[in-house]
Amino acid sequence: MANTTTEGPLTLRRDAWWVAPLLTVIVLTAFGIYATWRALEGRYYEVGPYLSPFYSPLILVDWWKFSPAILILWAPLGFRVTCYYYRKAYYRSFFWSPPACAVRGLKSRQGKYTGETRFPYILQNVHRYFFYAATVVLAFLWYDAFKAFFFEDGFGVGVGSIVLLVNAALLTMYSVSCHSCRHLVGGKLDIFSSCPTRYRLWRWVSALNEHHMFWAWISLFGVALADLYVRLVATGTIIDVRLI
Ligand code: FES
């Protein structure tokens, strides 16, 4: 990739700085297309004791004629879109603003950087409320994971049971490592010694928070693969293997 423009060098960096933004565009675009298709498909989301995470909690009401996923996906979607890590990722990769450290961003944005203090970026501040909404959805995903161990003939373990359980665990790690969660457990405290329990929680969440990027990506793949698994079983493309 050329590192110069008519206005001078784009950057003096000689490493492959463009790889990360390029991969981000590819993965987020692929996920966006897949998730939109699945959310609008409105079928093959339930089979046996398994429910796709894209459709959980399953809300079936007479007055809603479209896919039930649309009623629920705004919460996890809003949570991801306003996530501090994803903001960095898509500002860099999609907005090129700037694309990497020590690489010049789009000229039109230079000189009038206002951060996230103006519309529409100021709306990113609702992230904490999406955190609360996504936590409610997460509770349903744990319920679905629990239910996935109960088949028509009683308790059992299928590959799908493990898939849904791992998905709930990964999403939990993503939520618990969230900056808003960290603020919730340790924020607005002047003296940690006065609240040792919150201090311990804050240290634990802070340790996870350091790896928030990892949990963001792994949980994104996890939720897409969990949905894909349910769809493949529901369509008869693959057979769910019973382990117990
Ligand atoms: S900062 Fe990423 S989910 Fe909250």
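Things worth noting here:
- Residues of segment 30-67 satisfying the condition of being hydroxyl-bearing (Ser, Thr, Tyr) and part of a helix (DSSP H, G or I): Tyr34, Thr36, Tyr55
- Taken over segment 203-216, residues that are surrounded by 17 or more Cβ atoms within 10 Å (Cβ to Cβ), without any contact (Cβ under 8 Å) to a residue 40 or more places away in the chain and hydrophobic (A, V, I, L, M, F, W, C) amount to 2.
Residues are listed down the side, and each one gets a yes or a no for (1) modelled with pLDDT under 95; (2) of a type in the set (Gly, Ala, Ser); (3) surrounded by fewer than 11 Cβ atoms within 10 Å (Cβ to Cβ):
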residue	(1), (2), (3)
Glu46	no, no, no
Pro49	no, no, no
Leu58	no, no, no
Ser67	no, yes, no
Tyr85	no, no, no
Ser93	no, yes, no
Leu106	yes, no, no
Tyr121	yes, no, no
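- Helices (runs of 4 or more DSSP H) within segment 68-186 that include 3 or more residues in contact (Cβ under 8 Å) with a residue 60 or more places away in the chain: 70-81, 84-93, 127-147, 159-176
- Filter result for Gly158 (more than 16 Å from the ligand (Cβ to nearest atom) and either surrounded by 13 or more Cβ atoms within 10 Å (Cβ to Cβ) or under 21 Å from the mean Cα position of the chain (by Cα) (or both)): yes
The values are calculated or read from the model by the stated rules, or taken from the named source; none is laboratory data. Keep in mind the model is a prediction, meaning the values are calculated, not measured. Neighbour counts are summed over all protein chains in view; Cβ atoms, including those assigned to glycine, are modelled from backbone coordinates with ideal geometry.
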